[in-house]
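The values are calculated or read from the model by the stated rules, or taken from the named source; none is laboratory data. What you see is a predicted model; the values in this text were computed from it and never measured. Using ideal geometry, Cβ is built from the backbone for each residue, glycine included, and neighbour counts are taken over all protein chains shown. To get the accessible areas, we keep the full protein, side chains included, count just its heavy atoms, and leave off ligands, DNA and RNA. Shrake-Rupley method; radii C 1.70, N 1.55, O 1.52, S 1.80 Å.
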Amino acid sequence: MFQNRTEALALALPAAIFAAAVFLVPVFILLSEGFRTADGWTLQAYTNFFSDPLNQAVFLRTLKLGALVTAVSAVIGYAAAFAIVSLPPGSKGHMINLVILPLMISPVARTYAWIVILGRTGIVNEALKFLGLTDSPIRILFSETAVFIGLLQLFLPLMIISLISALENMPRDVVAASRVLGANWFQVFWKVIIPLTKEGLVVGGTLVFTGSLTAYITPAILGGSKVLMLETLLYQQVTVSNNFVAASVIAFILIVMSFAANILLKRIATARNRK
């Protein structure tokens, strides 16, 4: 398309300068607040952050929920994606539209809907009382369970779409060939489907894990002040405490966790492929 590499770089330069000016530079300035002090560049802010038991609990809760949401969405996503790919073309298109439909609705509206479902007078508690499983409403809102359900519903479509794309590119006859050679369904899934769709799993896992780490609305509404996560703690540090150093530390931790998740998923996929 271009006569030489210099021409291509010259055309890309304006976009690169714009991205650096409006994104990279502000992010660098924000992240530098966590390392810069009056005495120079230190890690004291990070030491102070992780020495606080509350921050430790929030960090571990965020990591746990992010990993759990990613793992469960992968299991459900593979089942849903495999079922959708196996449908006739017309039905497949309708099912993909249903998967994409929640992404067109505001996360705020989707999260508030869970209050109606999980509240003390919500559908879940009314169903439990109707079935005689409980005499009084159980507390589901403002718990880790509520946050997990909200995050799973929020990001599961991203995993399904990624896996559908990967399964569509998988050779059609590999499953039948594996069955003919004597593999059971678990062996087919573990040794054939996962290695051939690892790229979709890496992309979907990265999107879900990163989204679970950085989502603010869902933890703030369904978890409240009782279930703090790093993103809600960051908001509190900025708006309530006016502590931009702590906010910078949390932002840096979130960025590192996101990149680390992507690298880890790629390494796991590569290791399985070599085996």
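Answer yes if at least one residue in region 114-121 is free of Cβ contacts under 8 Å to residues at least 60 places away in the same chain, open to solvent by 60 Å² or more (accessible area, probe 1.4 Å), part of a helix (DSSP H, G or I) and β-branched (Val, Ile, Thr), and no otherwise. Yes: one or more hits.
From Leu98, Leu87, Leu118, grab the single residue that is over 27 Å from Gly66 (Cα atoms) and of a type in the set (A, V, I, L, M). Break it down into steps so the answer makes sense when it comes.
Numbers: Leu98 fails: over 27 Å from Gly66 (Cα atoms); Leu118 fails: over 27 Å from Gly66 (Cα atoms).
Among Leu98, Leu87, Leu118, only Leu87 is over 27 Å from Gly66 (Cα atoms) and of a type in the set (A, V, I, L, M).
Within region 200-217, the presence of at least one residue that is part of a loop (DSSP other than H, G, I, E, B) and surrounded by 18 or more Cβ atoms within 10 Å (Cβ to Cβ) is confirmed.
Residues of region 159-199 that are part of a loop (DSSP other than H, G, I, E, B) and either hydrophobic (A, V, I, L, M, F, W, C) or within 16 Å of Ile76 (Cα to Cα) (or both): Met170, Leu181, Ala183, Thr197. Total residues in region 65-89 satisfying the condition of being open to solvent by 50 Å² or more (accessible area, probe 1.4 Å) and farther than 20 Å from Thr218 by Cα: the figure is 9.
Residues in region 226-269 that are of a type in the set (S, T, N, Q), without any contact (Cβ under 8 Å) to a residue 24 or more places away in the chain and open to solvent by 20 Å² or more (accessible area, probe 1.4 Å): Gln236, Gln237, Thr239, Ser241, Asn242, Asn243.
In region 11-48, the qualifying residues are those that are of a type in the set (Gly, Ala, Ser) and modelled with pLDDT under 80, and the one that is most open to solvent (accessible area, probe 1.4 Å) is Ala38.
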